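Laboratory data are not the source of any read-out in this text; all were calculated from the coordinates shown. The model shown is predicted, which means the values in this text are computed figures rather than measured ones. Please note: Cβ atoms are built from the backbone with ideal geometry, for glycine as well, and neighbour counts cover all protein chains shown.
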Amino acid sequence: MPILRLAAAIVLAATPGVVHGEDGGSRPGASALPARADDLKAGLDVKLHLMKPDGTAVERPASGEAFRIGLDLTDAATRRPAGELHPAAWLRPIERSNLACNRAAETFNRTGRLPIGAIDLNGALVAVLHDDAHVSMVDPRLDLATSNIVSIADLGAVPTRFLADQAAMQVIADDGRRMRTVLTDGRTDPSGIGGEAARHLVATDLATWAGAGGTIRRISPAGDAMPIETGSTIARMRAAALPPDPEDGRPQPGEPDILAIGEDGTVSSIAVDGTTRRFPGGARVDDAVFAPKASGVLALRDREAVELRRADGGVSRPLALPAPATRLAIGSLERVAVAWMPGTGAMSFVEIASMMLAGAVSFERPIRELEVAGTTAYALLDDLSAVMVIDLAAVAPGEAPSVENVRLGPGAELPPDSGPYLLPLSHGGGVLALQRPTQTVFVVQAGQGEGMPPMTAFRIKGGMPRAMALFDRSLREVTLGRYETTVSAPAGGAWELVVTTGLAALSACFRIDVEGPTTASNQRTLTILAEPVRLGKDRTADLVIRLDFDETGGRLRDELPFTVMALDRPWQMPVVAVREARSNRYTARLTLPGPGQYPVMPGFALQAGDRIVPGLVRVENKGEDP
């Protein structure tokens, strides 16, 4: 299958001009940065901003904590914001062995690869929860490589909720008793969020919220946010933002971020800064969606009708639905809302402007999950066999909705409390659909045709997947000429932000000093090297592992745990390898399912800031040529 490219494509014409850089903080040394395509003749002026996740300025970020990077790009001649750029970026420790800035950018643009130790700020990262409670961070762009796993962590117990905290670039996992967090580099519980579980938990692009009783608190980004009292016991919480759309940037802090639905029927919209607006009503509300153009919320009442509650207190006449529903979704153009119920196969469409029924459809199998990306609705069937695709822009009263059936693979029974299996891509580019039986994630988009699975996909390697969460690492244009992303440096010291527009001459580097403990090279690396294995008739073999550490390995234990995984099947085996006397070699006896290539993952951790590079063992039957 082809490599999945979730990062925005870099397609820029060579434009002569000068690129000027300016550091938004007090540190010297900020220099050149990207240019755009056809109309930037005098080059760009660029300002770098470093911020905490809540948007307050920070001069020296702390290691292990998320911080935001902001770049203001303006046309040097006209002083207008320079929009529609797609810069690529990464962080690297400042070391003598680093390539010069332009050389580093040229190498990346030519190969698409970054050196070991660099922090990639391009494209998507998918966090996958496995049945064995491990969390693997998967880079889809590495799907044709030996392994697409960039880090792995062990939660110890399988959570019932699994979501991406985009604001802090961490997974939040909740098992009903306590919350745990995993950073994208595999470190667990670094943020202090871990603690007692919440009754309701919602993550958006801007924040993560927890609710219990009638109280809501913002748990990420951390700060001095005060608890918010809704005035009623919370029955449901959900994101308020419209679906991702190619034309939209990052939601702004003053806009509603979440909706809280009270048991008394009141719907409250809450912004990141705590601004709250209430939309009261007398009937029980199952769900609601925010409709900015209509200056109100669309509320789903008693599973059977929808009504529009406006900010001025007005309420429309309830519109009866042809099928029971407990969930609402809305398209990015706010023309049509979708009413549906998990476990049933019916969907109803409501035209918001007229509050008229715009049609309905039903499927033979129940719907498990539904997401809207841009103006397209994607309904995942309960056995993960297919996604039903509906173009909401074409839905209208009197017109039969057009449904595209996108097959994914064989159906399967799913474990309880698993999912999500369907996630919207940023910028409205479709959805990711996890097909558990084949351990494959598909990119589903409108217009792909019926009968065959989508061509763009990547495999989940290791244990059987049961949920996923999505992070967007790329620099996103949040307003015209302003690009932002979130990152965390694993160690303190001097780091360098490298940014390129795809042309080496239009690239630049900014120094970023990070507070926290450092090592001689900011990060010590242990590399796992596994010798080739030949299987006996009983499929047993001796695994021989050599550990290369960039300083003495004497502090490693004499017995170390590892996990050996299969790339082509849902198989893995934990082993304990024993150290050979006074050497860096470890051996273990194990039984393998057959020949192939098997990643060797560490079951142990080093000190904070250290890095372990997984190994790969090649396994052949005896008698085969190596």
> Between the stretch 552-594 and the stretch 354-374, what's the alpha-carbon centroid distance in Å?
Replying inline: 50
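Taking 0.36 nm per residue of sequence separation and subtracting the Cα-Cα distance, how much length would be gained by fully extending the chain between residue 132 and residue 585, in nm to one decimal?
Separation in residues times 0.36 nm, less the Cα-Cα distance, equals 160.3 nm.
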>> P(r) for the stretch 333-397, please, calculated from all Cα pair distances in 10 Å bins and given in %.
In response: 22, 55, 22, 1
> Could you list, bin by bin from short to long, the percent of Cα-Cα pairs of the stretch 253-326 in 10 Å steps?
Replying inline: 22, 54, 22, 3
>> Give me the tail of P(r) for the stretch 305-369 as a percent: Cα-Cα pairs with distance above 20 Å.
In response: 27
>> In 10 Å bins starting at zero, report the fraction of Cα pairs in the stretch 396-504 per bin as a rounded %.
In response: 10, 29, 28, 23, 8, 1, 0
> In whole Å and largest first, what semi-axes does the C-alpha gyration tensor of the stretch 46-163 yield when each eigenvalue is scaled by 5 and square-rooted?
Replying inline: 31, 21, 15
> For the stretch 307-401, with the dipole built from +1 on Lys and Arg beta-carbon atoms and -1 on Asp and Glu ones, taken about the Cα centre, which of 357, 377, 389 lies farthest toward the positive end?
Replying inline: 357
> Along the three principal axes, how long is the stretch 232-382 when you take its alpha carbons, biggest first, rounded to the nearest angstrom?
Replying inline: 44, 37, 29
>> I want to check the label-to-label distance for residue 567 and residue 525. Put each point 7 Å from Cα in the C-beta direction and report it in nm to one decimal.
In response: 2.0
>> I'm a student and want to see the number: the projected area of the Cα convex hull of the stretch 363-426, averaged over all directions, in nm².
In response: 5.1
